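Structure record follows, encoded as C-alpha cells.
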Amino acid sequence: MENVKKKRKLPWKIIFNVAIFGLTIFLIVFFIFSEGGLVDLIKSGQQVNLLWLVMAVFVHFLNIVLDATIIYLFLKETTPQVTFWNAFIASMTGQFFCAVTPSATGGQPMQVLAMSRMGIKGTNATSALVQKFLVWQFTLTVYCIIAVVTGIGFFAKFLDPAMIVFSIIGFGTQVFMIAVLLLASFCKPLTTKIVNAFLTFLGKIHLMKNVEKKKKSIDETLSSFHENNKELNKNKALLVKIYVITAVQMTACFLAPYCIAMSFGITGCSIFDMLRAQAYVSMVSSLVPLPGGSGAAEYCFGVFFGTYFTTETIKSAILIWRTITYYGTIAVSAPFAIFRDKKSLKSKVEDH
C-alpha cells in the first residue's frame with residue numbers, strides 16, 4: 001500500500017505577508033528606477049537642500065516623542081512608578097506593529113503586552129491606550145473638518161466621484177469609531193449587554209468554549225477599565241493638555257511633505273494647504289486594510305502633492321516621504337519591539 005502524503009496548505013497569513021512584502025519592494029524599486037524616479041533625479045543634478053530633509057526627519061521624530069509623552073501622561077495617572085522611558089518603549093513598539101499589520105491592528109495589543117512585561121497592570125495600559133486613541137480620532141476628525149471648511153477652494157480642485165466617496169467613508173469611519181469608543185468607555189451596562197450577546201452567539205455556533213467563564217472575565221476587565229476611565233476623566237486639566245499635545249503632534253506629523261517640498265526648492269506652496277492635504281492623505285490611507293496603507297498612501301500623495309512637485313521630482317518626493325515616515329520608522333522601531341521578560345519598573349505593580 002502506497003503512502004499518500006497530504007499536501008500541506010500554505011497558511012493564508014504567509015501568503016498575505018509575502019504579497020505585502022512583494023508590493024513594498026515593487027513600490028521602492030518603481031520609485032527608484034522608473035522614468036522620473038530617484039535615479040533620474042540624481043542624474044539630472046537636481047539640488048536638494050539637506051537641511052530641509054533633516055527638518056522632515058526632525059518633525060517626524062517629534063511626532064514620536066509627543067506620542068510617547070501622551071502615553072506617559074495617561075499612564076502616570078494610574079501607575080505612578082512608570083517612567084518616560086517605559087512610555088517611549090511602548091510608543092516605539094506601537095510604531096512598529098502599527099506599520100507591519102493591516103490597518104495598524106497589531107499596534108495596541110502589542111503595546112499592552114509590552115507594558116505588561118514592564119509590570120504595568122493590563123487594564124491600566126488598556127485604559128491609557130484607548131483614551132489616547134479616542135483623543136487621536138476626535139482630534140483628527142476635527143482637524144480634517146477644519147481643513148475642509150477653511151480650504152474649500154483647495155479641495156475643490158481634487159473633487160471627483162472617487163474623492164467624494166473616500167471623504168464620506170473616511171469621515172463616517174472616524175465618527176463611528178469615536179461613537180464605539182465612547183460607548184465602551186462610559187456606558188458599561190450597554191457595553192456589557194452587547195459583549196455578552198456576541199459571546200453567546202459565538203457559543204451557539206460553537207466558535208467559543210466556556211462562554212460563561214469568558215463573560216465573567218470580560219465583565220471584571222470592563223469594571224476595572226471603566227473605573228480607570230472615570231478617574232482619568234476627572235482630571236480636566238490633563239485632558240486639555242493632552243488634546244493640545246495631540247494637535248501639535250498631528251501638525252508635526254503632517255509637516256514632513258512641506259519640508260520635503262522646501263528641500264526641492266519649491267516656492268509658492270502654502271504650508272496650510274500642504275497640512276490640509278496631508279491630513280486628508282492620512283485619513284484616506286488609514287482606510288486601506290494593508291500595512292501602512294501601502295499603495296493608497298503613495299497614490300494619494302501623488303494626487304494632492306503632484307500640483308507642487310514636477311513630473312521629474314514627484315516620485316523621488318514620494319520615496320523620501322515614505323522612507324522617513326514609514327520604512328525608516330520600521331527600521332528604527334524594530335529593536336524596541338523585542339520584549340524582555342525582566343520587569344523594568346522600579347517598583348512592580350501588582351496585578352491583584
- Item | Unique residue being of a type in the set (A, V, I, L, M, F, W, C) and surrounded by fewer than 18 Cβ atoms within 10 Å (Cβ to Cβ) when the list is Val135, Val165, Val130 | Val165
- Does the range 89-109 hold any residues that are surrounded by fewer than 19 Cβ atoms within 10 Å (Cβ to Cβ), in contact (Cβ under 8 Å) with a residue 24 or more places away in the chain and more than 11 Å from the chain's Cα centre (by Cα), and which are they? none
- Meets criteria (of a type outside the set (Phe, Trp, Tyr), more than 16 Å from Gly293 (Cβ to Cβ), without any contact (Cβ under 8 Å) to a residue 24 or more places away in the chain and outside any loop (DSSP other than H, G, I, E, B)) for Ala147: no
- Message: Can you say whether Val244 is aliphatic (A, V, I, L, M) and loosely packed, with under 14 Cβ neighbours inside 10 Å, as far as the supplied structure shows?
- Response: yes
- Message: Between a residue in the range 58-71 that is under 16 Å from Leu129 (Cα atoms) and any residue that is among the basic types (Lys, Arg), which pairs come within a Cβ distance under 8 Å, given they are 6 or more apart or on different chains?
- Response: Ile70/Lys132; Ile71/Lys132
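Restricting to the range 109-123, count the residues that are at pLDDT 85 or above, at negative phi and out of contact with any Asp or Glu (no Cβ under 8 Å at 6 or more places or on another chain).
Step one: filter the range 109-123 for residues at pLDDT 85 or above, giving 109-121.
Then drop every residue that is not at negative phi, which leaves 109-118, 120-121.
Still in the running and out of contact with any Asp or Glu (no Cβ under 8 Å at 6 or more places or on another chain): 109-116, 118, 120.
Counting residues in the range 109-123 that are at pLDDT 85 or above, at negative phi and out of contact with any Asp or Glu (no Cβ under 8 Å at 6 or more places or on another chain) gives 10.
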- Index of the failed condition, Thr141 passing every other in (1) free of Cβ contacts under 8 Å to residues at least 40 places away in the same chain; (2) under 26 Å from Phe305 (Cβ atoms); (3) loosely packed, with under 15 Cβ neighbours inside 10 Å: (3)
- Query: Would a scan of the range 111-119 turn up a residue that is β-branched (Val, Ile, Thr) and more than 22 Å from Ala277 (Cα to Cα)?
  - Reply: yes
- Query: Residues that are over 24 Å from Gln46 (Cα atoms): which helices (runs of 4 or more DSSP H) entirely in the range 262-338 hold 1 or more of them?
  - Reply: 271-285, 296-305, 328-333
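Out of the residues in the range 72-84 meeting the condition of being assigned to a helix (DSSP H, G or I) and free of Cβ contacts under 8 Å to residues at least 40 places away in the same chain, tell me which one is farthest from Val135 (Cα to Cα). Let's see the steps before the verdict.
Kept after step one, since they are assigned to a helix (DSSP H, G or I), are these residues of the range 72-84: 72-78, 84.
Now narrow it down to the ones that are free of Cβ contacts under 8 Å to residues at least 40 places away in the same chain: 72, 76, 84.
On the way: Tyr72: 14, Lys76: 17, Phe84: 20 Å.
This residue is Phe84.
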- Task: Could you please let me know if Ile245 is part of a helix (DSSP H, G or I), touching a residue at least 40 places away in the same chain (Cβ under 8 Å) and either under 20 Å from the mean Cα position of the chain (by Cα) or under 30 Å from Glu77 (Cβ atoms) (or both)?
- Result: yes
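The values are calculated or read from the model by the stated rules, or taken from the named source; none is laboratory data. Just so you know, these numbers come straight off a predicted model, no measurement behind them. Positions of Cβ are backbone-derived with ideal geometry, glycine not excepted, and every protein chain shown enters the neighbour counts.
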